[in-house]
1. Among the numbered criteria (1) part of a loop (DSSP other than H, G, I, E, B); (2) of a type outside the set (Lys, Arg); (3) touching a Leu at 6+ places or on another chain (Cβ under 8 Å), which one does ASN230 miss?
2. Inside the stretch 254-284, can you point out the residues that are under 13 Å from ILE300 (Cα atoms) and among the aliphatic types (A, V, I, L, M)?
3. I need the full set of residues from the stretch 237-249 which are in a helix (DSSP H, G or I) and in contact with a Cys (Cβ under 6 Å, 6 or more places away or on another chain), in order please.
4. Go through the residues of the stretch 293-307 one by one and say whether even a single one is over 19 Å from CYS265 (Cβ atoms) and either surrounded by 16 or more Cβ atoms within 10 Å (Cβ to Cβ) or in contact with a strand residue (DSSP E or B) (Cβ under 7 Å, 6 or more places away or on another chain) (or both).
5. Could you tell me which of the residues ARG226, ARG235, ARG222, ARG241 is over 12 Å from ILE138 (Cβ atoms) and either surrounded by 14 or more Cβ atoms within 10 Å (Cβ to Cβ) or among the aromatic types (Phe, Trp, Tyr) (or both)?
6. Among the residues of the stretch 184-195, is there at least one that is part of a loop (DSSP other than H, G, I, E, B), among the charged types (D, E, K, R) and not assigned by TED's automatic domain parsing to the domain that holds VAL305?
7. Evaluate the following for THR176: is it assigned to a helix (DSSP H, G or I), of a type in the set (Val, Ile, Thr) and surrounded by fewer than 22 Cβ atoms within 10 Å (Cβ to Cβ)?
8. Pick from ALA131, ALA136: which is touching a Ser or Thr at 6+ places or on another chain (Cβ under 7 Å), within 21 Å of THR224 (Cα to Cα) and not acidic (Asp, Glu)?
Amino acid sequence: MQTKKNNIPAITNKTPVVFMGTPPFAAGVLSFLIQRGYPVKGVVTAPDRPAGRGLAQRPSAVKTTAQEHNLPILQPESLQDPEFLESLALWQAPLFVVVAFRMLPRQVWEMPPLGCFNLHASLLPQYRGAAPINHALINGETETGLTTFLIDDQIDTGALLLQKVLSIANTDDAGTLHNKMLEAAGPLIAQTIDGLRAGNLQAIPQPDVPAENLKPAPKITRETCRINWNCSPTRIVNLVRGLSPAPCAFSTLDNNGKQVDVKICLARAEHTACMQEPGTVATDKKKTFKIACKGGYVHILELQVPGKKRMKTEAFLAGFREEGPLLFQNPL
């Protein structure tokens, strides 16, 4: 006698978790865990924030994903709020998973019996900080990776659990590298959850690397994005790659006294003898738009000017009116 099949999902024996995160990257990982059958007891994410021209309250990407799957959600302003801590404890999850979230107080990361681990987009201890994907590209790295680690009292310093090495192609920018990492992140987190539950995953202290040999990954600022044309072509192109598609490297173009900030979205390095002042523009007014720098030129392939969408150089030059010598300014 055959048993009739139905569409009722089998009861999972996977570890229940609380998921904490905010941006689209974290939402992608949350979706992966749900699809793989990991029971998510609840989600902790940032409060809704005003965004857009109308400054309407907008939920985080993680909240949106949680709502699509009818998951309980907590959005505390303070992670030390007693009401939040009580609600979090009531979920009785044995493990907390953190992806792109705030620094957690001890009361939170000590709560789950199996631990609280974070995913970081670098091979720790290198590139600790808020922007590891950007800075790995800016520094011209050819490989990077992902790390899961136990959270402690400091930022990105906890004991290592698992690491996954990823190669960086010379055509990668922050957008494509982000996507590569997202594809690898879900399986690595699932492997970490399973290993902690089975008790066969040993946490290892991070290597003791001298401070002068550590490469930091601080938050991206406007000054991070400003191009210095006194640098080499490769260094400038790496800056462009590390900040594209957003917020983008930029420089101020002086067109006969008229100044405008130009975002450089895609560029190519040319190493050659160059006697022109760094920042000087050389153009045929049709296809070529290159900037003198130390040891060559940077060819601008795609750019964006205020009030316009990102465009190829040919489209920019077709509508550009040159009114004299063109010069991109260097930082003071």
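The values are calculated or read from the model by the stated rules, or taken from the named source; none is laboratory data. The structure displayed is predicted, hence computed values, not measured ones. Ideal geometry is used to build each Cβ from the backbone, glycine not excepted, and the neighbour counts take in all protein chains shown.
1. Looking at each condition in turn, ASN230 falls short on (3).
2. VAL262, ILE264, LEU266, ALA267, ALA269, VAL281, ALA282
3. Residue satisfying the conditions is LEU243 alone.
4. The answer is yes; a qualifying residue exists.
5. Being over 12 Å from ILE138 (Cβ atoms) and either surrounded by 14 or more Cβ atoms within 10 Å (Cβ to Cβ) or among the aromatic types (Phe, Trp, Tyr) (or both) holds for just one of ARG226, ARG235, ARG222, ARG241, which is ARG226.
6. no
7. Answer is yes for this residue.
8. Numbers: ALA131 fails: touching a Ser or Thr at 6+ places or on another chain (Cβ under 7 Å).
It is ALA136.
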